[in-house]
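Engineer: Starting off with a structure, shown below.
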C-alpha cells in the first residue's frame, strides 16, 4: 500500500463533502467512525498508515501530502460539525475547528493504540469516545 492509497481509502469511507446528508448528525458520526480502527481490516490499515507516517518524517513530499490531507480532513469535519450543531456557526468558528481538532486527535490516537491492541480490544472504548464526542458536539 502507498501513502496515497491509504489516505484515498480513508477518504472513500467518509461521506463526500458535497453529498447531501439526510441527517447532519448521522453524517458526522459516519465520518468519525470511518476514520477509526473499528474492525480487523481498519486495524490492519492503521498499522500500514503508521508505518507510512514514520516514513513521511524523512520524506518532505510525503509529509506535505499528509499535511494537505489533514487540512482537507479538518475542513470536512468542521463543515460536518457546524451542520450537526445547528447553531448557525461558520465552519471556521474557533469552537467548531477546536472540535474538529479533537476528532482528529482521537482518531490518530486510536490508530496508534491499535498497534498495541491488534485484537480489537479497544474497539468498545473507541465507540464510547464517538458517543461522547457526539454528545459534546451536539449538546445532547
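Yes/no per residue for (1) in contact (Cβ under 8 Å) with a residue 40 or more places away in the chain; (2) touching a helix residue (DSSP H, G or I) at 6+ places or on another chain (Cβ under 6 Å); (3) under 16 Å from residue 39 (Cβ atoms):
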residue	(1), (2), (3)
92	no, no, no
97	no, yes, no
100	no, yes, no
111	yes, yes, yes
123	yes, no, yes
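Engineer: Considering only residues that are touching a residue at least 12 places away in the same chain (Cβ under 8 Å) and closer than 13 Å to residue 111 by Cβ, which ones fall in the stretch 46-65?
Structural biologist: Scanning the stretch 46-65 gives 46, 47, 48, 49, 50, 52, 53.
We did not get these values from a lab; they are worked out from the coordinates using the rules stated. Note that this is a predicted model, so its numbers are computed, not measured. Methodologically, a virtual Cβ is constructed for each residue, glycine included, from the backbone with ideal geometry; neighbour enumeration extends over all protein chains shown.
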